[in-house]
Every structure is written in C-alpha cells, then in structure tokens.
Amino acid sequence: MGGPPARRIACITLCAALLAGVTGPAAVAADSTRDRARAASHAPVPGADALLAQVTLLANLGIVLTPVTGLLTAVLKADNGQLPTDQATALVQAAKDAIAKVTPAAPATPTAAPTTPATPGPLSPRTTTDHRATTRADLAGDALANLTKALDTLLKAITSGDATQVVPAVNGVLTGLVNYLAALLLSGGLPAPNLPGLPTLPSLPGVPVPVPTVPAS
C-alpha cells in the first residue's frame, strides 16, 4: 500500500522541480526588466538641476514675503500704527532673519588678467558673463541694503508714538521689498515674463552691450 503514494509524492516533487527550473530564469528576467523600467522612470529629465534651482528660488520668495507682510499687517491694524517696542523689534528681526536666509552669496571676483593694449572691439563672452554676474550681485546687494534701511525706519516709526511717520515708512518697506524680490528674480536666471501686454524687462544697469566692429576700408 505504501508504494503508490510514495511514487505520487516523488512525481509531484519532480514536477515541482521541473516547473521551478522553467519559471525560475523567467521570473528573474522579469524582475530585472521591472527594475530597469523602475530606474528609467525615476531618472530626472534633462536640465532638471537648473530648473530645480529656479523652483527653489521661487519657494524662497515665500520665505521673505510671509514675515515682511506679517509685520506690515500688524502695523496697519494697530492703533495709530504703533506697536509695543518688544513686539515691533521681534517682528522686524524676524523679517530680517528671513531675508538673510535667501540672500544669494556674491560670486567670487574673477582674477584680473594682465592688461594689454587692444584695439576696440566686441567684448568677449567670458568678460560679458563675469560683468553681468557682478552687476546682478551688486543689484541684489543694493536692494538688500535699501530694504534693511527701510525696515529700520519702520521700526522707529511704529514705536515713535507719531502716526504720521507710519504710512511713509510702510511705503518704503513695500518699495524696498518689491525691488529686492525683483533683484532676486534677476539673479536667479528665471525666464522673462511673456504675457501679452506686460512691459518688457529693462536691461540691467551697467551691463555693456557688445557693439559689432566695422572693418576698416
């Protein structure tokens, strides 16, 4: 009686081994294909790093806007635009701290090459790029200095007891904030707006425009 069940068990075991031998390599191949497809689907698109830097810059604008607008809202809702000194100082300092977090570092100054006499001609691409980067850094630095000064003026106005000082101080901060955000956008290389009806962006001050040379007759 023990013979047939034993043979059946052996037959089942043999079939299972054969099935594993057939499906095993196919399963491994399928897993490898899925792994390659998964890796390909997670590969970043070309130019993703540069675009992510621009997206991060836009996110940083919110870091600046929230504390500054919070400060201005508190001032404009306060009695005669006056706040207790400790509260006013804390709000202004929070705005300054947020601005410091997103202020780009100035690019390293390029090493000056030995000067040699040269005939007038168009600026080289390297010279134009360096000058433009320096100009953008200067622009952002000036905007930051003006915004910081405007925040200091606002702090004095909202703790002075004189309501007539508040509105000009608030306008100064708003102007300084807009200028600073515009300088950040220019320094970040974001695409220029192209909505019909919008004015074109002005060129950066101090950036020379290459002039083509005219061959001598």
| task | For residues that are hydroxyl-bearing (S, T, Y) and open to solvent by 70 Å² or more (accessible area, probe 1.4 Å), tally how many sit in region 141-152. | result | 0
| message | Condition first: farther than 12 Å from L177 by Cα, touching a helix residue (DSSP H, G or I) at 6+ places or on another chain (Cβ under 6 Å) and open to solvent by 10 Å² or more (accessible area, probe 1.4 Å). Now tell me which residues in region 60-73 satisfy that. | response | N60, I63
| task | Please find, among L61, L144, the residue that is closer than 20 Å to N171 by Cα and modelled with pLDDT of 85 or more. | result | L144
| query | When only residues in region 165-196 that are open to solvent by 80 Å² or more (accessible area, probe 1.4 Å) and more than 23 Å from A150 (Cα to Cα) count, which is modelled with the lowest pLDDT? | reply | P191
| said: Whether any residue in region 77-86 is under 17 Å from L147 (Cβ atoms) and open to solvent by less than 80 Å² (accessible area, probe 1.4 Å) is what I want to check. | reply: no
| message | Within region 96-107, does at least one residue satisfy the condition of being modelled with pLDDT of 75 or more, of a type in the set (G, A, S) and closer than 19 Å to A150 by Cα? | response | yes
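The values are calculated or read from the model by the stated rules, or taken from the named source; none is laboratory data. Here the structure is a predicted model, which means the values were calculated and not measured. Counting neighbours? That spans all protein chains shown, and the Cβs are built from the backbone with ideal geometry, glycine included. Surface accessibility is based on the protein's heavy atoms, side chains included, excluding ligands, DNA and RNA. Shrake-Rupley method; radii C 1.70, N 1.55, O 1.52, S 1.80 Å.
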